[in-house]
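Have a look at the structure below, then the notes.
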Amino acid sequence: MTFLPIVERELRVAARRKATYWSRIGAAGIAVAILAAVLWFSRLSGGTFGFRAQLGPIIFGIFSWLSFAFVCVTGIFLTADSVSEEKREGTLGLLFLTDLRGYDVVLGKLFSHSLVATYGLLAALPVIGIAFLVGGVTGGEFWRLVLLLLNTLFFCLAAGVFVSTISRDAQRAMSGAALLCGLFIILFPAIDWALAGWNSARFQPILSLASPWYGMKEARSLGVSDFWTSLLVVHLIAWTFLALASVLAPRCWQEQAARPTSGAGSRGQRLRFGSPAKRAALRVKWLAENPVRWLAGRDLWMGRFLWFVLAVFLIVPGLLALSSHEPRTMLMLANSGTSYYLLLFKLLLATVASGFFVDAMRTGTMELLLVTPLTPEQIVRGRWWALRRTFGPPLLVLLLLMAGSAALNIDESIRSSLKNNTPFTTETLTQEIIQAGCSLLSTVSGVIAIAWFGMCMGLITRKATHAVIKTIVFVQVVPGIALVFVMFGLVFTMGLGISPMFGAWLMQTIFSVLSIAIDVAFIVLARRTLFNEFRELASITSVESGRAFQWPKFHRQESVEAEPVA
């Protein structure tokens, strides 16, 4: 028998996919474009701020953190629905009727889903190596970064496979993988810093050794003993995830029957859908208004999960802030808590927004909806209502927290000005308020854009993970990177003659305004696509498997008019 036959079969299939080749070209192209922009900024700046003298470390730092974010996010979403998808399709049990073992299936899913991310990372590494040729970066730093990125990718992929093994729903699998990786990457170093009283001299890495973020921080330090220890610990944890997944895969693929208690429904059903009386009342109310509201909004799990995560992000930074009596540290913790929660909020929103239509296509629910008297606009608006009901209240609380954090920032600036005997004018206060308002509006527009574009991607994509990745990349990543370089270009071409404080405020305001404009464009495009081409897109996606993403104008050219009836 062939050793690891699933691995061989999955690799053969993955090697024939177009995405395997386009991922390398895309990753290398983006890396070259970013490098060209940095070199152009270096030429524009001349000797300003020592840009050319630090060109090598700047290039290395930019690509290091971009690559680290890439392997973390891509590793999570590529494997989070790998095994759970087989469970939903009912094909996982068939594999275990043969001589296959749990590790055969787990390693097969790991290798096949990691091929795109691995090729993309390897294609970008030669561009990162240019920083070594420019100067300011040693060969040891470069190779330590390469090992760290590959190890972090392996860790996130293994965590995604483990969560996928114990999950059946795609949304829960991706949410669980994001939380598990966030626990190791973010929370563990924060706990060690809190135990040290936020004093770098007293910092002792204990839980941080299990965090890829700590290895990223130590990759460029002079003493690299902790780096190798952290690298080994993270690697062993990844193999532990794979071992657990291999043991659990043959044992948890069956559909577990619910156990009702006194006819009132199981505990899991109560947690997801509420009590039987509440379910009946909501069914009567929502079915009368719009059946899609009941179909899309009856699952209460995500809303309760968002409130739980919000409570954690409020309590944990609050407890960590008690260990520090410095206002700046407490403010930093508040800003970090809201930023991390906003990031997780957007990831979960993209998952839920795109997952409904993907599941409806897979289960045949979409076909049933399209033969009812419901119009496509009613279907889309029913889904939009469910998203507002689930994510609206937590978003409102998050905006209030962001407004409070902005108020604390202004208060801290006033106190610092009084302490240093520097004037804090009304003009400065107005600028701070405008900047905070633009940031809040940019957050709202970004969330709405993710919701509408996620629904559009869910309608034209067969896999939930692919729809989530497309939504995040198109709406957040690509515009964000483009806007950052646009801002740098403005700074070096026209912003060098103004004061630094006013220049920073102006650049941040322009960034927020452009971000809002881009979000509005995505919202308008997604709304027109969903309202005008809903039936055509749904029929094409349900018939043609694996169809590449195309906008409606291409479908209109392919449509054939019906022949007149004699």
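The helices (runs of 4 or more DSSP H) found entirely in the range 375-493 that carry 2 or more residues being out of contact with any strand residue (DSSP E or B) (no Cβ under 7 Å at 6 or more places or on another chain) and loosely packed, with under 14 Cβ neighbours inside 10 Å are 376-419, 426-460.
Of everything in the range 1-37 that is charged (D, E, K, R) and not in a helix (DSSP H, G or I), the residue that is nearest to the chain's Cα centre (by Cα) is ARG17.
For LEU157, the test of being surrounded by fewer than 20 Cβ atoms within 10 Å (Cβ to Cβ) and outside any loop (DSSP other than H, G, I, E, B) is failed. Within the range 438-465, the residues that satisfy the criterion of being small (Gly, Ala, Ser) and within 23 Å of ARG535 (Cα to Cα) are ALA449, ALA451, GLY454, GLY458, ALA464.
Does any residue of the range 38-61 turn out to be under 28 Å from ALA467 (Cα atoms), in contact (Cβ under 8 Å) with a residue 24 or more places away in the chain and in a helix (DSSP H, G or I)?
no
For the range 158-166, the condition of being closer than 30 Å to LEU300 by Cβ and over 19 Å from the mean Cα position of the chain (by Cα) holds for at least one residue. Would you mind finding the one in LEU271, LEU368, LEU320, LEU348 that is of a type in the set (A, V, I, L, M, F, W, C), in a helix (DSSP H, G or I), at pLDDT below 70 and out of contact with any Lys or Arg (no Cβ under 9 Å at 6 or more places or on another chain)? Step by step, each of LEU271, LEU368, LEU320, LEU348 is checked, and only LEU320 is of a type in the set (A, V, I, L, M, F, W, C), in a helix (DSSP H, G or I), at pLDDT below 70 and out of contact with any Lys or Arg (no Cβ under 9 Å at 6 or more places or on another chain).
Among the residues of the range 68-101, those identified as crowded, with 21+ Cβ neighbours inside 10 Å and of a type in the set (Gly, Ala, Ser) are GLY75, ALA80, SER82, SER84. From the list ARG202, ARG259, ARG251, the one residue that fits, being farther than 27 Å from SER339 by Cβ and modelled with pLDDT of 70 or more, is ARG251.
Just one of the listed residues (ALA196, ALA210) is surrounded by fewer than 21 Cβ atoms within 10 Å (Cβ to Cβ) and modelled with pLDDT of 85 or more, and it is ALA210.
Looking only at residues in the range 529-561 that are in a helix (DSSP H, G or I) and under 25 Å from the mean Cα position of the chain (by Cα), the one that is modelled with the lowest pLDDT is THR541.
The values are calculated or read from the model by the stated rules, or taken from the named source; none is laboratory data. Model, not experiment: these values are computed from the prediction. Positions of Cβ are backbone-derived with ideal geometry, glycine not excepted, and every protein chain shown enters the neighbour counts.
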